[in-house]
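Working notes, structure below.
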Amino acid sequence: MRKARRGARLRRLLRTALLGLAALAAPLPRPAAAEPAPPERPFALCLEDLVAAAEARGVPGTLAAGEVTGLAPDPAVLAATRGQAEFVRPIWAYIDAAAGEGRIAEGRRRLDALAPLLDGIEDRFGVDRFTLVAIWAVESSYGAVLADANVVRPVIRSLATLACRDPGRPAYWRDELAAVLAIRARGEAPPGQLTGSWAGAMGHTQFMPTVYERYAVDGDGDGRRDIWTSAADALASTANYLAATGWRRGERWGAEAALPEGFDLALADETTARSLVDWAALGVRPVHGTAPADPATPATLLLPAGARGPAFLLLPNFRGLLRYNTALAYALAVAHLSDRLRGEPPLVRDWPRGDRALTTAERTELQERLAARGHAPGAADGKIGPRTQAAIRAFQAASGLPPDGYADAALLERIRALP
C-alpha cells in the first residue's frame, strides 16, 4: 500500500513537471494589437464644416459653398509646412539670398520712385521707409513673385487643405479661411482666382486674411484696401500693422555689435534686456560707433551663429519684425536689408560659412539628448528657441566649452560621443 501511495505521488510530480515544461515551450501570448489610428476624415465632409463655419461668420452660404465645395487637398501645401526656408537653411544663406546686391539696388530705385508716398506713410504711422521697403522685398521681391505660378498658390485651396489636413493648428486655418471668404463676400479681393503663399498670405507684403481684416488700409486714396495690386496700399497697411503692434517711432531695429575680448558669452541669451548704457559698460557697442537709440533703451544681445559669427544688439522694434514673421532668419534679413537700403555697409563680422547646418531630425535628436542629460530644452520639436539655447549653454558650460548657445554639428557629435 505504501509503495502504491509513493508511486502515485511520483506520478503526480512527474505530471506537474511535464505540464510546466509544456507551458515553457508554448509560444508566449501575443500582445494585443495596437488600435489602428482613426481613419482620416473625408475631405469633402471637412469642407462642409468649413462652409458652415464661414456662414456662422456672416459669409453667404452660396458664396462659401461655391468657393470651397469640390476642392481637393494640395499635397504641396502640406509638404511646405515641413520645409520653410527660414527654419531649414543656414541663417547666413537665407540672409544672403534675401538681402543680396540685386535686392538692394532695386530697393533703392523703389525708395526714389515712391519718395512722396513714403514721406506720407512715415508721417502718418511713424514707421521708417527702409523697414517697409525691406519687408516688401523679402515678402514678395517687390511684388515680382505675385505673378509667378511656380511660387503662388490658390489661397482658398491652400487654407482648406491646412484646415482639414494640418493636425497642429486646424482652428487657426479655419479662421483664416473664413476671413478670406468674408473678404471675397465684401468684394475687396480682386476678381479671378485669389493667390498667395502656401500658407494663405496675400499681396505685396503678404498679409494673412485675419491680419488684412484688422490692419489693411487705403494708402493711395482710391477708397479701397487693395494689397494685391496697389503697392501703396500694401506699404501703408504694413506700416499700420507695425504701428498698432508696438513699433517705436524714430527708433531702429538694433545694430551689429562688437564684443570685447573675454566677454561672458552667457550674457548673450537674447531674452535678458539691459539698457544700451549697461551694455556699453560691459564693453558691448554698435560696430559703427553710433548708438542707434537713446542710451536708456533696453536691448538684448544675440549670437545667432555662436561666438564665431556676428553679434547683434536688438532693440524693441526687432520684436515687431518677429511679430510679422516669427522666424529669426526672416527678421534679421529684413533688419539687415533695411540697413543696406539706408546706405550702411555689409556686416563687419562674417558668418561661420564652413559649418554644416543641422537637419530638423538632428536638431530634434540634440534636444532629446540634452533632456536625457538633465538639461531642459523644451519640446523636442527641432526648433532651436531660447529654451533650447539655454539648455545648450548649460551643457557647454558643464563641458568646458564657450557657452554661446550655438547648435551645430560639432556640438551634436560631442554629445553623441558621451557615455
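Values quoted throughout were computed directly from the atomic coordinates according to the rules given, and no laboratory measurement underlies them. Because the structure is predicted, anything quoted here is derived from the model rather than measured. Using ideal geometry, Cβ is built from the backbone for each residue, glycine included, and neighbour counts are taken over all protein chains shown.
What to note about this one:
- For region 254-342, the equivalent ellipsoid derived from the Cα gyration tensor has semi-axes of 19, 15, 13 Å, listed largest first.
- Spin-label model distance (nm) - Arg41 vs Ala281, 7 Å beyond Cα toward Cβ: 5.7
- Distance from region 82-154 to region 292-334 (C-alpha centre basis), Å: 18
- Computed per residue of the chain from DSSP H runs no shorter than four, each worth -39500 (n - 2.57), the mean residue ellipticity at 222 nm is -15500 deg cm²/dmol.
- Couplings for region 331-339, taken from phi via the Karplus curve 6.51 cos²θ - 1.76 cosθ + 1.60 with θ = phi - 60°, read 4, 5, 5, 4, 4, 5, 5, 4, 5 Hz in order; Gly and Pro are left as x.
- Sites Ala372 and Ala171 - FRET efficiency at Förster radius 56 Å, r taken between beta-carbons, to 0.05: 0.95
- Based on every Cα atom in region 47-193, Rg and the maximum pairwise Cα distance Dmax equal 18.7, 49 Å.
- Measuring max minus min along each principal axis, the C-alpha atoms of the chain give extents of 122, 68, 33 Å (largest first).
- Distance between the modelled labels on Ala409 and Ala52, one decimal in nanometres: 5.2 nm (7 Å Cα→Cβ projection).
- Pairs of C-alpha atoms in region 156-271 farther apart than 21 Å represent 51 percent of all such pairs.
- Amide H to amide H, with H built 1.01 Å from N, Ala299 comes under 5 Å of Arg274, Ser275, Leu276, counting only residues 5 or more places away or on other chains.
- Packing-based exposure ordering (other Cβ within 10 Å, fewest first) of Leu302, Leu159, Leu332, Leu45: Leu45, Leu302, Leu332, Leu159
- Ranking of Val68, Val138 by count of other Cβ atoms within 10 Å, fewest first: Val68, Val138
- Per-residue extension of 0.36 nm, minus the Cα-Cα distance of Ala113 and Asp222, leaves a gain of 37.3 nm for this segment.
- Applying the Karplus relation 6.51 cos²θ - 1.76 cosθ + 1.60 with θ = phi - 60° to region 187-200 yields 3J(HN,Hα) values of x, 7, 7, x, x, x, 5, 8, 10, x, 6, 4, 8, x Hz, where x marks Gly and Pro.
- Cα-projected label distance for Asp350 with Thr271, points at 7 Å along beta-carbon direction, nm: 3.4
- Applied to region 276-282, the Karplus parametrisation 6.51 cos²θ - 1.76 cosθ + 1.60 on θ = phi - 60° returns per-residue 3J(HN,Hα) values of 4, 5, 5, 4, 4, 5, 8 Hz, with x for Gly and Pro.
- The ranking of Cys46, Cys164 from fewest to most other beta carbons within 10 Å of each one's beta carbon is Cys46, Cys164.
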